[in-house]
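To keep things clear, I will list the structure first and then write my remarks on it.
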Amino acid sequence: MEIAVDEDRCVAAGHCVVAAPEIFDQREDDGVVVLLDARPPAVAHETVREAALLCPAAVIRLRQAPA
């Protein structure tokens, strides 16, 4: 899995951080998403999918990583 985020559209709700704190964080000054791991281990995939679904601005994009 590869993750990309659109920081420009982020509304700083923080749902991604609550769902997957090992993958997402927020900037101190404005709360915009910070991607900590663009290629998380398989054990984190379910929580990353949940974070993407919870994002009110739909700024988290997921795709299958090339083999």
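Bear in mind that the values in this text are calculations on the coordinates, not laboratory data. This one's a predicted model, so the numbers in the text were calculated from it and none came from an experiment. Positions of Cβ are backbone-derived with ideal geometry, glycine not excepted, and every protein chain shown enters the neighbour counts.
Structure notes:
- Within the option set VAL11, VAL43, VAL34, being in a loop (DSSP other than H, G, I, E, B) and either touching a Lys or Arg at 6+ places or on another chain (Cβ under 9 Å) or not aromatic (Phe, Trp, Tyr) (or both) holds for one residue only, VAL11.
- Of the residues making up the range 13-35, not a single one is surrounded by fewer than 12 Cβ atoms within 10 Å (Cβ to Cβ), more than 10 Å from the chain's Cα centre (by Cα) and under 18 Å from LEU62 (Cα atoms).
- Residues that are of a type outside the set (A, V, I, L, M, F, W, C), touching a helix residue (DSSP H, G or I) at 6+ places or on another chain (Cβ under 8 Å) and assigned to a loop (DSSP other than H, G, I, E, B), drawn from the range 14-31: GLU22
- Long-range neighbours under 9 Å by Cβ, at least six apart or interchain, first residue under 10 Å from CYS55 (Cβ atoms) within the range 4-22, second among the polar types (S, T, N, Q) and assigned to a helix (DSSP H, G or I): ALA19/THR47
- Once the range 43-61 is narrowed to residues that are farther than 16 Å from ARG9 by Cα and in contact (Cβ under 8 Å) with a residue 12 or more places away in the chain, the residue that is nearest to the chain's Cα centre (by Cα) is VAL48.
- Residue ID - surrounded by the most Cβ atoms within 10 Å (Cβ to Cβ), chosen from residues in the range 51-67 that are assigned to a loop (DSSP other than H, G, I, E, B) and aliphatic (A, V, I, L, M): VAL59
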